[in-house]
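S.K.: My questions all concern the structure below.
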Amino acid sequence: MQSIQIYGAGMSGTFLFYLLKNEGFDVKIKDIRKTPDCRCAWGTMYKEAKELYKMIGLDLDDYILSKPKEIIANSIEFKNKYVVIFDRKRLLEDLWKDLKFGEINANLFVDATGAARKYLPLIANDKIYPTIQYLEKVEDSKDENIYIYLRKTGYAWAFPLGGDYWHIGAGDIDENRALELINKLREYYDFRTKEKVCECKAKVRLLPPSKCKPFVYNNIVGVGEAIGCVSGLGEGNAPSLKCATILFECIKNNRINEYENIVLKEFEWIEREHEFVEAVQNNERVKALRLLPRVVLFESKRSVEKSLSNFRSLLKLLGI
Ligand SMILES: Cc1cc2nc3c(=O)[nH]c(=O)nc-3n(C[C@H](O)[C@H](O)[C@H](O)COP(=O)(O)OP(=O)(O)OC[C@H]3O[C@@H](n4cnc5c(N)ncnc54)[C@H](O)[C@@H]3O)c2cc1C
C-alpha cells in the first residue's frame, strides 16, 4: 500500500485525505494555515456536492445556510435550481478534527495547494485573479437571492448567509477594480453595512485544466484548483471534490498514468466555459453566441433554470 503526503487541506485535499484513509492508505496532510481557509467560497452545486460528500459519510444538509430562489445578475433574474450557500468554514473545521496532520516518508505527494500550486511546476502565462471579500451584517432585510454585479473582466457577489448576514466580495484583474466592483454592487442593490464581521483577500486561478499541465510531475500529482478545476466564473468547490475522486480512483487502481486524460474529459465543460468567458472578454460576439447554447444547456442541469434569452440579455448589457 502506498504512503501518500497531501499538501493543502482545503476542499480537495481534505476530501482526498478521507477517501484515502477510509481505503486503508497511509496518508498525512499538511497545510500552512492553523485553521481552515474561510473566504467567501460558500456557494456550491447541491446535488453534486451532496453525492460526493456522502462518500465520506458527511451530510451536506448539516451545513446548508440558504437556498437562494434567484440569481440576479445586473438585475436580470435567473431562477436558481441547485446552487446553495453552505457553511464552508464549519464544514472544513469539522473535517479537520480527524485529519492526521504532519509529514511522512511518502512515495506519492499530492499538490492540493489551490491557487498557490506550490509543488508542481509553474504554469506558463498563469491567470490568477485577486479577490476581496467581507462578511457583514447589512441594514434592511433583503430577499435571500444571490446578487451579482458583472462586467467583462470580473464580478462582485453578495451571498445570503441567513439572519441579515452576507458575504460580499469581488474578483477582477486587479484589487482596485475588484474594490470598485464591490462598491458598484452595494450601490446597485442598496447593500449598506450595519456591522462588518471580517474581511480578507484571496486569489483564484482562472485557467482550465488543459492549460494547467503537467498534472503529474515525477512523484507529485496535482488536484483541484492547482490543476485548473475551476469554472470560467470561478466555481471550484464541487469541481475540486470531483477531481479528488478521480485522483483517488487512479491511486487505488494504480492508474496515475491515466489521470490527466480522465480529468480533461470530465472537465470538458470547464474548458468550454473558459472559452466562452474569454470570447466575451475579447468582444468576440459571434464566438460567444455560438458557445452560449451549450453553456446554458450544461448549466441548466447543474445550477440555474435554462434561460437562453436571459443570458442573451446579459450579454447585451455587457455590450456583446
Ligand atoms: C474569494 C473566493 C470566492 C470563491 N467562491 C466560490 C464559490 O462561491 N463557489 C465555488 O464553487 N468556488 C468558489 N471559489 C473557488 C473555490 O474556493 C476553489 O476553487 C476551491 O476551494 C479549490 O479547492 P482546492 O482544494 O483546490 O484549493 P483550496 O480550497 O484553496 O485549498 C488550498 C489549501 O492549500 C493550503 N496551502 C497553500 N499553500 C500551501 C503550502 N505551501 N503548503 C501547504 N498548504 C498550502 C491553503 O491554506 C488551503 O487550505 C472562490 C474562490 C475565491 C478566492
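S.K.: What FRET efficiency, computed as 1/(1 + (r/R0)^6) with R0 = 22 Å and r the Cβ-Cβ distance, is obtained for Asp26 and Lys252, rounded to the nearest 0.05? List each step's numbers first, then the result.
M.R.: Values: r = 14 Å, r/R0 = 0.62.
It comes to 0.95.
S.K.: Please check: in the Gaussian network model of the chain (C-alpha springs, under 10 Å), which one of Gly236, Gly169, Gly102 has the largest mean-square fluctuation.
M.R.: With Cα springs under 10 Å in the chain, the top fluctuation among Gly236, Gly169, Gly102 is at Gly102.
S.K.: Treating only the Cβ of Lys, Arg, Asp and Glu as charged (+1, +1, -1, -1), what charge dipole size does the chain show about its Cα centre? Round to the nearest 20 debye.
M.R.: With only Lys, Arg, Asp and Glu charged at Cβ, the dipole is about 500 debye.
S.K.: What distance in nm separates the simple spin-label points at Asp59 and Asp87, each placed 7 Å from Cα in the Cβ direction?
M.R.: Taking the two extended label points, one gets 1.5 nm.
S.K.: Hey, another quick one. Given Gly43, Ile71, Ile173, which one lies farthest toward the positive end of the charge dipole of the chain, if we put +1 on the Cβ of every Lys and Arg and -1 on the Cβ of every Asp and Glu?
M.R.: Value computed over the given set: Ile173.
S.K.: Could you list log10 I(q)/I(0) for the chain at q = 0.16 Å⁻¹, which the Debye formula gives when each Cα is one point scatterer?
M.R.: Log-scaled intensity ratios, in q order: -1.43.
S.K.: Along the Cα→Cβ direction, 7 angstrom out, place labels at Lys142 and Ser309. What is the inter-label distance in nm?
M.R.: 2.7 nm
S.K.: Now for a separate question. Residue farthest toward the positive end of the dipole of the chain, with Cβ of Lys/Arg at +1 and Asp/Glu at -1: which of Val277, Ile6, Gly224?
M.R.: Val277
S.K.: Nearest 500 deg cm²/dmol is fine: what mean residue ellipticity at 222 nm does the chain get from its DSSP H runs of n ≥ 4 alone, each adding -39,500 (n - 2.57), divided by its residue count?
M.R.: Per the formula, -11000 deg cm²/dmol.
S.K.: Using unit Cβ charges (K, R positive; D, E negative) and no other charged atoms, how large, in debye to the nearest 20, is the dipole of the range 1-73 about its Cα centre? Can you show the working numbers first?
M.R.: Working: 11 positive and 10 negative charges, 44 e Å.
Result for the range 1-73 is approximately 200 debye, rounded to the nearest 20.
S.K.: Hey, another quick one. If each residue's Cβ is checked for other Cβ atoms within 10 Å, how do Ser309, Ser303 rank with the fewest at the top? Could you put the intermediate results ahead of the total?
M.R.: On the way: Ser309 9, Ser303 20.
The fewest-first ordering by Cβ neighbours comes to Ser309, Ser303.
S.K.: Suppose the chain between Tyr188 and Lys265 were pulled fully straight at 0.36 nm per residue; how much longer would it get relative to their current alpha carbon spacing?
M.R.: 23.8 nm
S.K.: If you project the alpha carbons of the range 128-205 onto the principal axes, what extent comes out on each, in Å, largest first?
M.R.: 33, 22, 17
S.K.: Nearest 20 debye, what's the magnitude of the dipole of the range 12-135 about its Cα centre given +1 on Lys and Arg Cβ and -1 on Asp and Glu Cβ?
M.R.: The calculated dipole for the range 12-135 is roughly 240 debye.
S.K.: Mind pulling the angle between the C-alpha long axis of helix 285-302 and the longest principal axis of the chain? Nearest 10 degrees, somewhere in 0 to 90.
M.R.: Orientation of helix 285-302: about 70 degrees from the principal axis.
S.K.: For the chain, what is the percent of antiparallel DSSP beta bridges, rounded to the nearest 5?
M.R.: 70 percent
S.K.: Taking 0.36 nm per residue of sequence separation and subtracting the Cα-Cα distance, how much length would be gained by fully extending the chain between Asp94 and Ser300, in nm to one decimal?
M.R.: Full extension of this stretch gives 71.0 nm more.
S.K.: Taking the number of other C-beta atoms within 10 Å as the exposure measure, put Phe101, Phe17, Phe215 in order starting with the fewest.
M.R.: The order, fewest Cβ neighbours first, is Phe101, Phe215, Phe17.
S.K.: To continue, here is another question. So which trypsin sites (Lys or Arg not before Pro) in the range 155-225 are both in a DSSP loop and have at most 14 other Cβ atoms within 10 Å of their Cβ?
M.R.: Listed in order of number, the matching sites are Arg192.
S.K.: Another one. Calculate how steeply helix 175-189 sits against the longest principal axis of the alpha-carbon atoms of the chain, using the helix alpha-carbon long axis, and give the answer as 0 to 90 degrees to the nearest 10.
M.R.: It works out to around 50 degrees.
S.K.: Another one. Just to check I understand the Karplus step: with θ = phi - 60° and J = 6.51 cos²θ - 1.76 cosθ + 1.60, what whole-Hz values come out for the range 64-78, glycine and proline as x?
M.R.: Karplus-based 3J(HN,Hα) across the range 64-78 equals 6, 9, 7, 10, x, 6, 10, 10, 9, 10, 6, 6, 8, 9, 10 Hz.
Bear in mind that the values in this text are calculations on the coordinates, not laboratory data. Being a predicted model, the structure only gives us computed values, none of them experimental. Using ideal geometry, Cβ is built from the backbone for each residue, glycine included, and neighbour counts are taken over all protein chains shown.
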